[in-house]
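Asks: Sharing a structure below in structure tokens format, with a few things to ask.
The values are calculated or read from the model by the stated rules, or taken from the named source; none is laboratory data. The shown structure was predicted, so the numbers you read here are calculated from the model rather than taken from an experiment. Because the Cβ atoms are built from the backbone with ideal geometry, glycine has one as well, and the counts that use them run over all protein chains shown. Ligands, DNA and RNA are excluded from the accessible area calculation, which covers all protein heavy atoms including side chains. Shrake-Rupley method; radii C 1.70, N 1.55, O 1.52, S 1.80 Å.
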Amino acid sequence: MGIELLRGGAEPPDLNPLTIRGLTVSYGEKPAVFSVDVSFRAGQMTAIIGPNGAGKSTLLKAALGILRPLSGRVTAYGRPLGEMRARIAYVPQRASVDWEFPARVIDVVMMGLYRDLGLLGRVRPHHRARATESLARVGMEGFAARQIGQLSGGQQQRVFLARALAQGADLYLLDEPFAGVDAATERAIVDVLKGLKAEGKTVVAVHHDLTTAPEYFDRALLLNTSVIAEGPVAEVMTDANLRAAYGGRLGAMHAAAG
Ligand code: ADP
Ligand code: MG
């Protein structure tokens with residue numbers, strides 16, 4: 001079908017995992033995200049970077065349909081977002097989660113399977129096996145019966161990643177997965193994300209550490225309400241672009257990086 005479309009002179013269909021067009025999101029009068037156009041490419045790891053309040057979390061939430069935009073359109077794998085939810089996993093910012101909620105680790109991971117289970121579905125051995133295997137992938141296999149609220153920040157982050165893995169998605173959206181985690185957890189998460197990439201999956205993560213961005217990611221989206229730059233990490237993270245995004249905060253940023 002694609003070839004006929006091309007012969008006809010029409011634009012080829014956009015089959016990227018996620019395409020955002022003309023996205024503007026506002027909580028009040030001033031937009032938090034303004035007129036964003038971006039496509040995230042299959043099999044690539046993209047960092048969303050930008051100062052505090054740049055709209056990074058807002059962009060992710062609007063891309064997921066959690067927030068209703070003022071304007072704009074989001075497609076996933078060439079289809080309306082709503083049809084592709086099963087293929088998209090989301091790991092929210094750890095600080096935004098209520099960790100007092102009583103739940104065992106294994107139950108949190110099983111939440112990743114709810115589309116397979118359905119509302120009244122029975123948990124079958126292969127579901128439990130998938131959840132256990134996901135926990136093992138993040139190095140948390142011994143913690144299945146523990147209460148989620150009793151884990152360290154890094155352990156909680158791993159469990160949330162395991163929940164996303166259990167879903168078996170093709171596109172992974174993560175909001176600051178390395179914030180407030182220990183070095184071993186950061187390494188473990190990077191390894192899992194690179195493993196996903198090796199499987200051809202797509203990773204988009206809000207990332208606050210500019211020093212590690214080139215090592216962890218292929219591409220970067222530099223955001224400050226609007227898109228400042230998007231492309232291969234090294235091309236995006238130029239002094240001029242960073243200055244445009246961080247402004248007066250650039251000095252503090254270099255101090256933190258140095
Ligand atoms: P980032 O993730 O880049 O730090 P956010 O997307 O969280 O930025 O926020 C972008 C802007 O929107 C900020 O000015 C923030 O104060 C504002 N904002 C975020 N969430 C809300 C909300 N629920 N209600 C009102 N304003 C919000
Ligand atoms: Mg944020």
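Asks: Carbon and sulfur atoms: what percent of the 1.4 Å accessible area of the chain do they account for?
Replies: C and S fraction of accessible area: 53 percent.
Asks: Apply 1/(1 + (r/R0)^6) to the Cβ-Cβ distance of Ala95 and Lys30, taking R0 = 22 Å, and write down the FRET efficiency to the nearest 0.05.
Replies: On the way: r = 23 Å, r/R0 = 1.05.
It comes out at approximately 0.40.
Asks: Leaving out ligands and nucleic acids, note down the accessible area per residue over the chain with a 1.4 angstrom probe, in whole Å². Numbers along the way, then the final one.
Replies: Numbers: 12680 Å² over 258 residues.
That works out to 49 Å² for each residue.
Asks: Separate question: Counting helices only, and only those DSSP H runs with n ≥ 4, report the 222 nm mean residue ellipticity of the chain as the sum of -39,500 (n - 2.57) divided by its residues, in deg cm²/dmol to the nearest 500.
Replies: Details: 11 runs with 92 residues, N = 258.
Rounded to the nearest 500, it is -10000 deg cm²/dmol.
Asks: Let me ask something additional. Please report the projected area of region 96-168's Cα convex hull averaged over all directions, in nm².
Replies: 4.7 nm²
Asks: Straight distance only, please: which lysines reach the Cα of Lys61 with their own Cα at less than 19 Å, same-chain residues fewer than 8 apart left out?
Replies: Cross-link targets: Lys30.
Asks: Shifting gears a bit: So what is the relative contact order for the chain, in percent, with contacts set as C-alpha pairs under 8 Å and at least six apart? Write down the numbers at each step before the final one.
Replies: Details: 451 pairs, mean separation 64.5, N = 258.
Relative contact order comes out at 25 percent.
Asks: Given a Förster distance of 30 Å, report the FRET efficiency between Arg122 and Glu83 from their Cβ-Cβ distance, rounded to the nearest 0.05. Write out the running numbers ahead of the final one.
Replies: On the way: r = 26 Å, r/R0 = 0.87.
Efficiency, from the Cβ-Cβ distance: 0.70.
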